[in-house]
Structure formats: C-alpha cells, structure tokens
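One structure coming up, written as structure tokens, with questions to follow.
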Amino acid sequence: MSRILADPARARRFVAFVAPPKEASVLDVWAGSGIIAWAFTYRTKEVVSLVRGGRPLAWVARRPNLVLMEADSRSFELPFPNEAFHIVTSGLPLHHIPRVREMLLEMWRVCVPGGLLAFEETVSHEQDVRARYQDRLERLRDRSHGRYFRLSELIHLLGEGGFWPRRIQVIDLQRDFNEWLAGVKVSARKVELIRRLMAGAQEADLSGLDIKVVDDTFVFTQKVAWVVAERIG
C-alpha cells in the first residue's frame, strides 16, 4: 500500500481536526487499511471497525480499544441498533464504496442525534474536463476506480443522507508517480500511456493536478477534503 495513504501522522492530524470527545464511541463502517480507526483510538473511548475483505495493516490491531469485526462487503446493513455511536467514519474512501447513498443512510441510523460523520476523501476538480482527466488517470492505474466526487457533490450527498457539514478543510496531498503506483498491478503498456497523459496534462494544464517533472519522475498534488458533518433529525 502507498506510504502516503497509510501515513499515521496524517491520520492523527485528521482526527485532531475532528476533535472527538474523549468518551465518544466510534464506528468505522469499512476498515480499509485500518489507519483511520487506529488514529481514533488515541482520542476516544472505543472504536469498532468493520473489516470487509482484505486485512487492515498488522500493527493497527494492537490498539487495546480497537474492536475489529468481520462484515460482508455486499451488505450495507450495519449490525448495530439505532443511535449506537457518537461518531461514524469510513477508513475506505467513499468513492470506493458501492451504493454509497445506502451506506450514508445506515451511518445516519446508527449515529446519535447531533453526532458526527467524519471522513477524509480525495476530491476531483470542480471543472468537468479536469475532473474527467483525473478519473481517466486513476482508472488506468486501478480498474476498480469509479470516479472521484467533487466537493460540491459530497456536500449534496451528505444532505441527502441527513448530515449537515460543520467543518471542511481541503489539504494538498503530494504524490510521487512511483509511490502512486505502489500496491497495484499495472501493465507496462498502461504505465507508458499514463506517462504520456501526464506529460500532456502538464503542458496544457488539463488535469488540475499541478503535475511537475522532478528527478526524472512526475510529482503531482491531489486535493483531500477533511469533512465533519452533524447528524440532523
């Protein structure tokens, strides 16, 4: 897995931004690497994280107040009663979750009134051409990629799911071409095509990723939104 995406320091900064109460109970609906659930354990009473295929990073499970539970990746019904958690989050980015609207409704159900939905999400450019270019690059690297949400779309999704955005911060995430490819299998032909697309995007500023050539490789900047929203109703 990419060392940038699994950066413990960034995960802990994100949780500090959320500023959860010390006695809060947290549900992570899709563990992914487990790094987000792990970071919450340092600032909250207990974290329950649902493992849906794959395994979190080995050292994540060592936290004494982290409970890992197996869950079916095909089911979006959360095995908890209504209003059971103060904070709901997802270690897996929302753009990777199928039927994300259904998941948000379930997250609303298990969150206490006035509780928080907190997550970090790579967001695409608001301009259509640049957003499509970013998604094309991602699909060449990872066939499972659907598309990134624009920040405006995320806010709309939250409203549909019964959450009101309270705080949003967009940070720059610096990526290196080789690090970005880490952990996925990409054919040499596709790697060469990605290189050509990045070179073209750099010259015409097609991607909105601020692509640069440094030491014979590409570096670029993704936008990551830290979102804290309150359950309404």
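The values are calculated or read from the model by the stated rules, or taken from the named source; none is laboratory data. Since this is a predicted model, take the numbers as computed values, not measurements. Glycine gets a Cβ as well: all are built from the backbone with ideal geometry, and neighbour counts include every protein chain shown.
G159 passes all but one of (1) more than 22 Å from the chain's Cα centre (by Cα); (2) under 30 Å from M103 (Cβ atoms); (3) of a type outside the set (F, W, Y); which number fails?
Failed condition: (1).
Looking only at residues in the range 198-221 that are in a loop (DSSP other than H, G, I, E, B), closer than 16 Å to R130 by Cβ and charged (D, E, K, R), which one is nearest to the chain's Cα centre (by Cα)?
Checking each candidate, the answer is D210.
Still on this structure, please answer the following. Condition first: in contact with a helix residue (DSSP H, G or I) (Cβ under 8 Å, 6 or more places away or on another chain), closer than 22 Å to D172 by Cβ and either without any contact (Cβ under 8 Å) to a residue 12 or more places away in the chain or part of a strand (DSSP E or B) (or both). Now tell me which residues in the range 116-136 satisfy that.
A118, F119, E120, E121, T122, V123, S124
Another one. Out of all the residues in the range 183-200, which are out of contact with any Phe, Trp or Tyr (no Cβ under 6 Å at 6 or more places or on another chain) and not basic (K, R)?
Within the range 183-200, G183, V184, V186, S187, A188, V191, E192, L193, I194, L197, A199, G200 meet the criteria.
Right, another one. Checking the condition surrounded by fewer than 15 Cβ atoms within 10 Å (Cβ to Cβ), touching an Asp or Glu at 6+ places or on another chain (Cβ under 8 Å) and not in a helix (DSSP H, G or I), which residue from R166, R143, R147 passes?
Unique residue meeting the criteria: R166.
Keeping to the range 33-88, report how many residues are of a type in the set (G, A, S) and surrounded by 14 or more Cβ atoms within 10 Å (Cβ to Cβ).
9
Do we find that F40 is without any contact (Cβ under 8 Å) to a residue 60 or more places away in the chain, touching a strand residue (DSSP E or B) at 6+ places or on another chain (Cβ under 7 Å) and within 18 Å of E230 (Cβ to Cβ) in this structure?
Spelling it out, F40 is indeed without any contact (Cβ under 8 Å) to a residue 60 or more places away in the chain, touching a strand residue (DSSP E or B) at 6+ places or on another chain (Cβ under 7 Å) and within 18 Å of E230 (Cβ to Cβ).
Mind checking whether some residue in the range 32-48 is over 23 Å from A19 (Cα atoms) and either at pLDDT 95 or above or within 18 Å of the chain's Cα centre (by Cα) (or both)?
Within the range 32-48, none of the residues are over 23 Å from A19 (Cα atoms) and either at pLDDT 95 or above or within 18 Å of the chain's Cα centre (by Cα) (or both).
Say we look at the range 56-115 and pick out the residues that are of a type in the set (F, W, Y) and assigned to a loop (DSSP other than H, G, I, E, B); which of these is farthest from the chain's Cα centre (by Cα)?
The qualifying residue farthest from the chain's Cα centre (by Cα) is F80.
Out of (1) touching a Leu at 6+ places or on another chain (Cβ under 9 Å); (2) crowded, with 19+ Cβ neighbours inside 10 Å, the odd one out for E120 is which?
Going through (1) touching a Leu at 6+ places or on another chain (Cβ under 9 Å); (2) crowded, with 19+ Cβ neighbours inside 10 Å one by one, E120 breaks only (1).
May I pose another question? Going by the conditions given, is V228 touching a helix residue (DSSP H, G or I) at 6+ places or on another chain (Cβ under 8 Å), surrounded by fewer than 19 Cβ atoms within 10 Å (Cβ to Cβ) and modelled with pLDDT of 95 or more?
No: the conditions fail for V228.
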